[in-house]
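Peer 1: One structure, as structure tokens, below. Some questions next.
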Amino acid sequence: MTYDFAWPDKVLYTRPVMESGCVAQRAMEEEKEPQRFKPWKELANYGALSLNLAMLMLGGYFLGQSLDKRFHTGPRWMLIGTFVGMVLGLYTIVEISIRLSKTGKKNGRK
């Protein structure tokens, strides 16, 4: 089955219509189009990494500070919270970097 895209006097082009509808057509069109490098998207991805590290460290700092005030323990929980936030932030950076590098290789980038 085909569907003709036409002006009143001539047919512009003919595209086969698949049984599953628009989803299959979009998938077929996406396979044909090469992936473009999008610098702003890449910048946003890597900017989110540093923001993630900063937020986790600040969260650990403020949580530790509130625990120190509650239990009167000095800077002990503040340091522990900051360290745990830093470790979690670095773990997240490594995990997301690995995922981004895999998608970069899949799109033909080195």
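Coordinate-derived values only; no laboratory data. Quick caveat: nothing in here was measured; it's all calculated off a predicted structure. Here Cβ is always computed from backbone atoms with ideal geometry, including for glycine, and neighbour counts include all displayed protein chains.
Peer 1: Starting from the 7 Å offset along Cα-to-Cβ, what nm value, one decimal, do you get for the label separation of Leu88 and Ser66?
Peer 2: 1.3
Peer 1: Put a dot 7 Å past each Cα toward the Cβ at Leu79 and Glu42; how far apart are the dots in nm?
Peer 2: For the pair Glu42/Leu79, the computed spacing is 4.1 nm.
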